[in-house]
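Asker: Okay, handing you the structure first.
The values are calculated or read from the model by the stated rules, or taken from the named source; none is laboratory data. Source: prediction; values computed, not measured. With ideal geometry, Cβ positions are generated from the backbone for all residues, glycine too; neighbour counts draw on all protein chains shown. In case anyone asks, the SASA skips ligands and DNA or RNA and just uses the protein heavy atoms, side chains included. Shrake-Rupley method; radii C 1.70, N 1.55, O 1.52, S 1.80 Å.
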Amino acid sequence: MLCCWILSEISMNRFINGVVMEEIAFIGGDRGKRWVKWWESISGKGLKIQHHYYQYLGSKKVRKTWWRKFLLAWVVGWILVSMWIFWYMKSQAFEKRKEALASMCDERARMLQDQFNVSMNHIQALSILIATFHHSKSPSAIDQATFARYTGRTTFERPLTSGVAYAVRVLHSEREYFERQQGWTIKRMDTIEQTSVQEEEDYAAEKLEASHVEEEYAPVIFAQDTIAHVISLDMLSGKEDRENVLRARASGKGVLTAPFRLIKSNRLGVILTFAIYKYELPSNATPKERIQATDGYLGGVFDIESLVDKLLHQLASKQTILVNVYDTTNASHPISMYGTNVTDGRISRNSTLNFGDPFRKHEMHCRFKQKPPLPWLAITTSIGILVIALLVGHIFHATVKRIAKVEEDFRVMERLKKQAEVADVAKSQFLATVSHEIRTPMNGVLGMLQMLMDTELDITQQDYVRTAQASGKALVSLINEVLDQARIESGKLELLAVRFDLRAILDDVLSLFSGKSQKKGIELAVYISDRVPEIVIGDPGRFRQIITNLMGNSIKFTEKGHIFVTVHLVEELKSSTEVEADASCNDTLSGFRVADGRRSWMGFKTFSQEGPNCAQTFSSVSSEHINLIVSVEDTGVGIPLEDQSRVFTPFMQVRPSISRTHGGTGIGLSISKCLVGFMKGEIGFVSEPHIGSTFTFTVVFANDNSNLSKYKNQQSHKLPESVCSEFQGMTALVVDPRSVRAKVTRYHLQRLDINSEVVANVNEALCCFTNGKTGINMVLIEKEAWEKDPAQSDLFVSNLQSNSPKLFLLVNSVVSTKINASKYAASAPTVIMKPLRASMLAASLQRAMGIAHKGFYGNGRHSLQSLENLLHGKQILVVDDNKVNLKVAAGALKKYGAKVECVESGEKAISMLKPPHHFDACFMDIQMPEMDGFEATCRIREMERDLNNRIQHGEISTEAYGNISNWHVPILAMTADVIQATYEECVKYEMDGYVSKPFEGEQLYQEVARILKEHNQ
């Protein structure tokens, strides 16, 4: 029975969603799509009802009679639903029929209107021709024969007109002369209108009565042959024509008459009249001026019945609608112009016609000829749905008892799952709150220890303080990891989008681990492909965190060999043959075997894409995004195969003894995996016991080719351009037997604009000089090549004594062999400690070659003297509710010569920073009771804006405010949690930046230098 129920559900869903729903959507248009969405909603609710039925009605305690009542309600309900569906679909078919009628009616109205406008434009052009060749020439270039011949030949340009005629304006004083000149008398038109309608053969112009004495007349002098019978008729003597003529000459536009029976043809029509003036009038001429300038009137006769017949004949193929045309100028009494006035209750459509005369209004009324067919789709659909509903009710009744037990188990599991989720969220919230509250006093501890280090201490005391600082920083690092894990689990982790230097980030991480690598004597190196852009847009802090976690693990578990970090574009690895080299070979950074790194990323989705354009999905530098792949390779102890499945599990370590031997919490890799996921990337690894591990991940950054003002610039330790210019054009000779390590050395030299050549041993280097090779400014020799053949090395040094190149020895251990300076005299090699970094390499080369740059320091950090010069004498206001943090912040700033004042609340800060004041900057804590730093900053900015506006409008004098016309005190946010003080939040609340607690000298210098520079501008 259960299988039958499942099959029935599948077939019914397929029928409803596949066949019927598509037909309804097709027939009903937009409303049909809304019906489909409604049905999906009903289906979803039906499944919920089914679920609740299984929960409550499936119990054995429920009586059968109750289920029968429910089943009866189900049947009755679906009968009502099917009836509603029938009504709804029938109404949709009716609406669609109305839309089709509206479309056909609008099409006919538009065609009639367009053809009328074409004829009207040609009549207006004909009025210009008459004004030019009849009134402007003496004698006239146009007579009746010419006019009739011209209008007859150009009839095709006026497809809707029955004929055109021209009437001249004649004053009473000019009547006698005019009649002698024309050879006929002016006839009255009203006598025709007063008599009964005449047949065409009964009409004779000579029988008409002469016009009565009037102030002026408008007799027709030219007419097309089709209406030549109107010649000599006075247009002002007819009611409709008189109104038309008077309106045309007063408005200067074409005007229409009301529908009336045309003379002689006895058909219903209208006349379009244009006034012809003696001279060109301005657009703003008054009606009186237009009347005085009137010379005549050109009229076009439109036979409405024949015109509409012609139009409908063009669309006569399978004609399905009836058309009526009305003049609705008088809305209460519309005049029928075409069609029969029959109303049979069918649906109709009224379309507006615009014939260019704003005074007269016209409409086209349309209706179908035949009655609508029966709504068979609505009938079959409603019956089909009712049948399906009855089947579903029957299936429910047959299977309810079989599912009751399963549903009971499901409810228990659902309850346990919700309890676990609530407990997990509570744990994450607790960790986030407690971690932040612990970090705040820890900042005070570390800050006070830093201040203690600046006092006079003996060696023992300094050792104690350093130990306390190291322990405090380790605790803060642990708290940060726990806080990150809590944020990730609670979904509150957000990424920044700032511009940063990728290579500078890697240099900083190298600096962090350089001491440990030198102490262990292992190779530590970074190589970034030339195709990777220098500047990208993303979150540098989180990217640094991932690299730091991976390199930190490698440093922990590697006692010999190397740690090698590489960065490439994804498309490079897809097309490069270099990465496909045999991983078992010894051509590595240190010569030790490594795990096959290809296996760490071959399963990534990025590399499993197919098609010719897959490599350009994210990785193209010219696109909006850059897809990078980063590998961290080490020759450590490796990870046992049985433990590799839980590497990324939070708070889990490979062995319980690991934490006792190497320390750590086991959440670094878990956090790294989550961060990589947030950056739209993937992470994987390959590891072989006693050989090593390779961790690889991809990240997606935005390319730096968009609007730069949208992103903040990340302060990084970039090399000054002047440093690179000092080495530009120089050439270095690199002596290294290992090609991978030589490539790293060349990479760092290239960053300094130094050209390089590579040889494998000292003997080859010696041959370069003995063969007379010139242009080499420096020689960098790896310690391995130097110590391999001491005699050859001595010979090489003695050979260099007669040449200018400087000699440098690259070593990676603090216990490296000392160089006997007396043995080599002035040519003794200069030792450069690895890992190589561009800033450190530049500093070493500058010192050795005597081109040291005054503004550049070895690690890229500003000296304390520069920070002291920057802050000396500056008035700084520090706002923090924590007295310990106030003391730490004040002490850190006073150490650099600043004059510091402290307040404990936002209200006091507002009163202290009310202009005029003497402060150069303000350090504002974000989290304070009553009024936080954001609200205090908003009020300070409002106060400054109000004062600046008053000064600009001259309401107050600048003398009372220190002769400053634009008040803006730089405000830096202070926070124990820099993630909460993102750049976007600082901009939103009009802060100028932020610093983390406790103060770091480099960050403090960068932020203070930036805001003071901007403030001085």
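Asker: Only residues that are open to solvent by 40 Å² or more (accessible area, probe 1.4 Å) and touching an Asp or Glu at 6+ places or on another chain (Cβ under 7 Å): list them for the range 518-543, please.
Answerer: Lys520, Arg531, Glu534
Asker: Give the residue, chosen from Ser957, Ser905, Ser965, Ser911, that is among the hydroxyl-bearing types (Ser, Thr, Tyr) and in contact with a helix residue (DSSP H, G or I) (Cβ under 7 Å, 6 or more places away or on another chain).
Answerer: Ser965
Asker: What is the number of the single condition among (1) open to solvent by less than 30 Å² (accessible area, probe 1.4 Å); (2) more than 47 Å from the chain's Cα centre (by Cα); (3) charged (D, E, K, R) that Arg402 does not meet?
Answerer: The one condition Arg402 does not meet is (1).
Asker: Being at pLDDT below 90 and buried (at least 22 other Cβ atoms within 10 Å of the Cβ), is that true of even one residue in the range 574-582?
Answerer: Checked the range 574-582: no residue is at pLDDT below 90 and buried (at least 22 other Cβ atoms within 10 Å of the Cβ).
Asker: Checking Pro790 against (1) within 17 Å of Val758 (Cβ to Cβ); (2) open to solvent by 70 Å² or more (accessible area, probe 1.4 Å), which test does it fail?
Answerer: Failed condition: (1).
Asker: Also, I was wondering about something else. Can you pull out every residue in the range 255-282 that is buried (at least 18 other Cβ atoms within 10 Å of the Cβ), farther than 19 Å from Glu363 by Cα and at pLDDT 85 or above?
Answerer: The answer is Thr273, Phe274, Ala275, Ile276, Tyr277.
Asker: Out of everything in the range 163-183 that is open to solvent by 40 Å² or more (accessible area, probe 1.4 Å) and either outside any helix (DSSP H, G or I) or in contact (Cβ under 8 Å) with a residue 12 or more places away in the chain (or both), what residue ends up being nearest to Ile291 (Cα to Cα)?
Answerer: Selected residue: Arg169.
Asker: Which condition number in (1) open to solvent by less than 10 Å² (accessible area, probe 1.4 Å); (2) modelled with pLDDT under 80 is the one that Tyr711 fails?
Answerer: Among (1) open to solvent by less than 10 Å² (accessible area, probe 1.4 Å); (2) modelled with pLDDT under 80, the lone unmet condition for Tyr711 is (1).
Asker: Another question about this same structure. Could you tell me whether the range 670-678 includes any residue that is outside any strand (DSSP E or B), open to solvent by less than 30 Å² (accessible area, probe 1.4 Å), more than 17 Å from Val536 (Cα to Cα) and at pLDDT below 90?
Answerer: Yes, some residue in the range 670-678 is outside any strand (DSSP E or B), open to solvent by less than 30 Å² (accessible area, probe 1.4 Å), more than 17 Å from Val536 (Cα to Cα) and at pLDDT below 90.
Asker: Then there's this: Assess whether Leu246 counts as being surrounded by fewer than 24 Cβ atoms within 10 Å (Cβ to Cβ) and in a helix (DSSP H, G or I).
Answerer: Criteria met by Leu246.
Asker: Give me the residue from the range 971-1011 that is part of a helix (DSSP H, G or I), among the hydrophobic types (A, V, I, L, M, F, W, C) and modelled with pLDDT of 70 or more and, out of that set, surrounded by the fewest Cβ atoms within 10 Å (Cβ to Cβ).
Answerer: The extreme case among them is Val987.
Asker: Also, quick follow-up: Return the residue satisfying two criteria in turn: it lies in the range 143-158 and is open to solvent by 40 Å² or more (accessible area, probe 1.4 Å) and within 60 Å of the chain's Cα centre (by Cα), and of such residues it is farthest from Gly299 (Cα to Cα).
Answerer: It comes out as Phe156.
Asker: When both residues are 6+ apart or on different chains and their Cβ atoms are under 8 Å apart, which pairs have a first residue that lies in the range 267-286 and is within 19 Å of Phe359 (Cα to Cα) and in contact (Cβ under 8 Å) with a residue 12 or more places away in the chain, and a second that is in a strand (DSSP E or B) and open to solvent by 60 Å² or more (accessible area, probe 1.4 Å)?
Answerer: Between residues of the range 267-286 that are within 19 Å of Phe359 (Cα to Cα) and in contact (Cβ under 8 Å) with a residue 12 or more places away in the chain and residues that are in a strand (DSSP E or B) and open to solvent by 60 Å² or more (accessible area, probe 1.4 Å), the close pairs are Gly269/Arg261.
Asker: What's the number of the only condition in (1) buried (at least 23 other Cβ atoms within 10 Å of the Cβ); (2) of a type in the set (A, V, I, L, M, F, W, C); (3) modelled with pLDDT under 80 that Ala205 fails to meet?
Answerer: Answer for Ala205: the failing condition is (1).
Asker: For the range 334-354, what are the residues that are modelled with pLDDT of 85 or more and of a type in the set (D, E, K, R)?
Answerer: Of everything in the range 334-354, just one residue is modelled with pLDDT of 85 or more and of a type in the set (D, E, K, R), namely Arg349.
Asker: Show me the strands (runs of 3 or more DSSP E) entirely contained within the range 307-396 in which 2 or more residues are open to solvent by less than 50 Å² (accessible area, probe 1.4 Å) and of a type in the set (A, V, I, L, M).
Answerer: 321-327
Asker: Is there a residue in the range 615-622 that is under 30 Å from Leu524 (Cβ atoms) and at pLDDT 80 or above?
Answerer: no
Asker: Filter the range 753-776 for residues that are in contact with a strand residue (DSSP E or B) (Cβ under 6 Å, 6 or more places away or on another chain) and farther than 24 Å from Glu523 by Cα; which is least open to solvent (accessible area, probe 1.4 Å)?
Answerer: Ile776
Asker: Looking at Gly855, Gly897, Gly906, which one is of a type in the set (Gly, Ala, Ser), surrounded by fewer than 18 Cβ atoms within 10 Å (Cβ to Cβ) and modelled with pLDDT of 75 or more?
Answerer: Unique residue meeting the criteria: Gly897.
Asker: While we're on this one: Kindly indicate whether any position in the range 186-196 is under 25 Å from Ile142 (Cβ atoms) and at pLDDT 85 or above.
Answerer: There is at least one residue in the range 186-196 that is under 25 Å from Ile142 (Cβ atoms) and at pLDDT 85 or above.
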